[in-house]
Amino acid sequence: MSATANVIQGEVKERIDRWVSHYPEDQKQSAVMPALRIVQEVSGGSLTTELMDQVADYLEMTPIAVYEVATFYSMYEHKPVGKHKICLCTNISCMLRGSDEILEHLEKKLGVGVGEVTPDGKFSIKKVECLGACGGAPMMMLGKEYYENLTEESLDEILDGLE
């Protein structure tokens, strides 16, 4: 296995440093969550151990402390995801309003299950516990956008409208 090139340089370093500047000088590690998000974004949507180690080194943290954050929060991915990562809420409000049926329709439409990526690399599906939009259940997050009050028809329109 070859070593991963250092991604924390140039524009990536500048973006992380902007977050680091929000905290006292001796508290660089407070920027671990945005640093992981930035590194994940520029690395194709997922984190490897090597990338997490780079974040740990840059923020002067132990690697295990970074791994704990990266594995606790569901927004960090540890295997490849599609260009369009669909996060479907399956918590109680969404479940009561039909998220199970939406998930079934989504899997059938895309031909993949939860945690899988379509063969063309365009879509992946992830079940998430709660996205905090219970009033608009069932809902999903696609990229950084929320889509609420989903129906099979509205879901089809959203997906068909993507490049």
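Restricting the first member to the stretch 1-16 and to residues that are of a type in the set (A, V, I, L, M, F, W, C), and the second to residues that are modelled with pLDDT of 95 or more and assigned to a loop (DSSP other than H, G, I, E, B), the beta-carbon pairs closer than 7 Å and six or more apart or on different chains are 16/8.
For the stretch 60-73, does any single residue satisfy the condition of being exposed (fewer than 15 other Cβ atoms within 10 Å of the Cβ), touching a helix residue (DSSP H, G or I) at 6+ places or on another chain (Cβ under 6 Å), of a type outside the set (D, E, K, R) and not assigned by TED's automatic domain parsing to the domain that holds residue 111? Yes, the stretch 60-73 has at least one match. Which of the residues belonging to the stretch 27-53 are among the polar types (S, T, N, Q) and either on the phi > 0 side of the Ramachandran plot or crowded, with 22+ Cβ neighbours inside 10 Å (or both)? Selection gives 40 alone.
Looking only at residues in the stretch 68-92 that are small (Gly, Ala, Ser) and assigned to a loop (DSSP other than H, G, I, E, B), the one that is modelled with the lowest pLDDT is 74.
Restricting to the stretch 68-103, give me the number of residues that are more than 24 Å from residue 134 (Cβ to Cβ) and within 10 Å of the chain's Cα centre (by Cα). Here the count works out to 3. The listed residues are 126, 79, and the only one of them that is closer than 26 Å to residue 33 by Cβ and touching a Cys at 6+ places or on another chain (Cβ under 6 Å) turns out to be 126. Here residue 144 does not qualify as at pLDDT below 95, closer than 30 Å to residue 50 by Cβ and touching a strand residue (DSSP E or B) at 6+ places or on another chain (Cβ under 8 Å). Evaluate the following for residue 118: is it closer than 24 Å to residue 44 by Cβ and among the hydroxyl-bearing types (Ser, Thr, Tyr)? For residue 118, the condition - closer than 24 Å to residue 44 by Cβ and among the hydroxyl-bearing types (Ser, Thr, Tyr) - is met.
The values are calculated or read from the model by the stated rules, or taken from the named source; none is laboratory data. All figures in this text were calculated on a predicted structure; none of them were measured in a lab. No Cβ is skipped: glycine too gets one built from the backbone with ideal geometry, and neighbour counts run over all protein chains shown.
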